[in-house]
1. So, R0 is 35 Å and r is the distance between the beta-carbons of residue B:262 and residue C:5; what FRET efficiency does that work out to, to 0.05?
2. In degrees from 0 to 90, rounded to the nearest 10, what is the angle of the helix C:77-88 Cα long axis to the longest principal axis of chain C?
3. Compute the signed sum of charges (Lys and Arg +1, Asp and Glu -1) over the other residues within less than 15 Å, Cβ to Cβ, of residue C:6.
4. Report the rotationally averaged projected area of the protein assembly as shown based on its alpha-carbon convex hull, in square nanometres.
5. Taking the beta-carbon count within 10 Å as an exposure proxy, list C:84, B:188 from fewest neighbours to most.
6. Could you tell me the ratio Rg/Rh of region B:269-359? Both radii from Cα atoms, Rh via Kirkwood.
7. For region B:34-135, what's the relative contact order in percent, using C-alpha pairs closer than 8 Å and at least 6 residues apart?
8. Expressed as a rounded percentage, what relative contact order does region B:44-320 have, with Cα pairs under 8 Å and six or more residues apart?
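Throughout, read-outs are computed from the coordinates displayed, never taken from laboratory work. Remember, predicted model here, so these are calculated numbers, not experimental data. Neighbour counts are summed over all protein chains in view; Cβ atoms, including those assigned to glycine, are modelled from backbone coordinates with ideal geometry.
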Amino acid sequence: MSFFGMTKILLTSLFRRPATRLYPFEVRAPYPATRGSIGITVEKCILCGICMKKCPAMAIQVDKPSRRWAIDRLRCVACNYCVDVCPTKCLTMKPEYAAPTVTRDTEPFTIPPPAPKPAAG
Amino acid sequence: MSKRTIIPFGPQHPVLPEPIHLDLIVEDEKVVEAVPSIGFIHRGLEKLVDKRDFLDYVFVAERICGICSFTHGMSYCIAVEEVMNLPVPERALALRTFWAEIGRIHSHLLWLGLMADAFGFESLFMHTWRLREKVLDIYEETTGGRVIFNVCKPGGIRRDVTDEKMRDYAKVLNDLEPEIREINNVFMNDKTVHHRMCGVGVLSAADALKLGCVGPVLRATGVAQDMRHLNYAWYSQVNWKPATRTAGDCQARCEVRIDEIYQAIDIVRQIAGKMPAGEIACKVPGTPNGEYFVRTEQPRGEAVYYIKANGARNLVRFRIRTPTFANIPALVKALQGCDLADVPVLALTIDPCISCTER
Amino acid sequence: MRENQTTETVTPADLVGKVREFADANWRLVQICVTRLPEGFELNYTFDKEYAFRNLRLSIPVEVPVLPSVSGVYWNAFLYENEMHDLFGITFEGLVLDFKGTLYKTAKPFAFNEIPVACAAKSAPANPAAPAAG
Ligand code: SF4
Ligand code: SF4
């Protein structure tokens with residue numbers, strides 16, 4: 001039976017640096033592997049829609065006629081599945097989290113038409 | 001002549017922010033009967049297999065719980081692999097075992113913190129959770145997530161960890177061990193802690209088995225039953241034996257969990273020392289056809305996963321029996337005859353995870 | 001490592017007697033679950049003793065989903081049986097603690113009592129809504 005085990009821990013922590021960060025002033029750098037938010041390289045997307053079909057949270061909308069690729073960041077659960085299945089590897093998982101928001105809307109991207117093939121015949 | 005009064009406990013209670021409700025029938029200060037009710041947040045995730053391809057369902061399976069999420073995802077994958085007879089590479093199995101054990105450390109530290117909070121020892125609670133952060137950091141660095149990991153898939157895993165990194169993590173845990181010991185010393189030896197936990201909610205081994213208890217609740221009564229003995233993942237390659245106590249009271253359950261933390265650290269050390277080389281995933285050809293029951297040991301105890309498939313892309317049935325579901329009857333029995341003031345402590349020692357019970 | 005799992009089929013009439021045999025031999029009730037198949041309900045009663053795994057299976061028709069309760073033998077079965085009642089609509093006779101459909105407060109009664117998509121897809125392969133094979 002002892003009372004003093006805890007006293008020792010408390011005394012040492014009195015003289016130690018705080019275990020937490022002063023958050024808004026000091027931000028920890030994310031780990032490279034952190035699943036933060038989805039980024040897209042619009043030039044490489046072929047609008048195949050596989051990411052939309054596979055996304056478990058139904059966060060992606062792909063509309064071929066209007067060449068629009070959109071993501072609902074609040075739906076996205078950052079599972080990395082779309083990055084794995086995209087055939088052209090145009091999606092990336094960025095380690096930074098998406099910015100906080102007060103409205104629920106999708107973030108649209110316009111996919112540029114494919115560059116015309118040089119020496120088209 | 002004492003009068004019977006019914007006191008409602010939960011679904012929102014300061015010590016237990018989980019939606020379980022107990023009707024406590026008390027006579028003076030003694031609880032004579034308790035009637036549990038759950039189902040406040042039932043999500044019907046089992047039925048979601050109808051909407052998801054069996055390969056995608058693993059993301060749902062992992063989200064059943066926010067604490068043992070890794071084991072949930074892994075067990076679903078094991079079930080699919082067993083039905084399909086997939087040759088899962090050894091490296092994937094070793095890493096799964098590593099993550100599962102890290103999960104055990106973090107879950108038990110979380111529980112110890114909550115326990116300290118339940119009997120009003122705030123500083124102990126804070127210090128326990130301070131140590132847990134380092135474990136969560138290992139998760140974030142290896143899987144990309146702190147709560148939901150998404151690293152298991154049927155056939156293997158989705159991210160590799162290098163052998164050097166594995167040795168680093170073993171070292172991080174090695175350095176953490178003396179600090180954890182220092183904190184656990186308080187749980188093991190402090191008079192104020194003993195005062196709240198010794199002799200409270202005693203269950204005998206025979207009762208525990210009859211009530212279908214699992215996990216630390218069962219092992220605290222002296223029954224050395226641990227589903228890791230079924231040698232799923234890589235448990236056949238590491239040395240360990242179930243932690244047990246014989247008293248069957250709250251303190252015994254606490255000590256079993258403390259022992260399991262050290263044991264998990266030791267298992268991680270062993271894995272880091274002999275990581276097998278090779279692939280991390282195998283191909284998944286075709287669709288599953290068959291059925292299988294998988295039993296795995298989560299931090300809270302045995303969980304049962306049942307899969308039935310008929311060759312379609314969707315499973316016919318996916319069923320999970322979570323450890324808390326099996327421990328609720330024991331909680332109800334243990335509550336009979338205890339003091340009203342001990343109810344929160346007693347309810348917490350089964351490590352209730354109602355959210356995974358409400359899958 | 002694959003476990004050795006044995007499954008025996010029982011009839012609803014023998015169920016309680018069979019379960020009592022397990023209880024007398026100190027088996028632990030691991031779980032009870034039910035699967036909705038096109039032809040009826042399939043129930044699995046699972047028992048464990050020192051890592052040995054045994055399973056009792058029985059089928060009942062959808063039209064008369066009534067079974068005797070085993071909660072008199074294994075008291076903890078009351079949770080499983082209430083769960084099966086609330087999600088699938090199976091009635092258990094002689095429950096020691098009957099929640100009368102209030103264990104799970106689902107928006108739709110007996111929410112799981114639908115033929116699984118996988119079985120529906122099998123019986124009607126021409127269904128365009130069925131997920132593509134392969
Ligand atoms: S992001 Fe990739 S998967 Fe999605 S539509 Fe574009 S190319 Fe296809
Ligand atoms: S990361 Fe997952 S949830 Fe997010 S958009 Fe991709 S597939 Fe959907």
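1. That gives a FRET efficiency of 0.60.
2. 20 degrees
3. Local net charge: 0.
4. 32.7 nm²
5. Ranking C:84, B:188 by Cβ neighbours within 10 Å, fewest first, gives B:188, C:84.
6. Numbers: Rg = 19.5 Å, Rh = 16.8 Å.
Answer for region B:269-359: 1.16.
7. Relative contact order comes out at 17 percent.
8. Rounded, it is 28 percent for region B:44-320.
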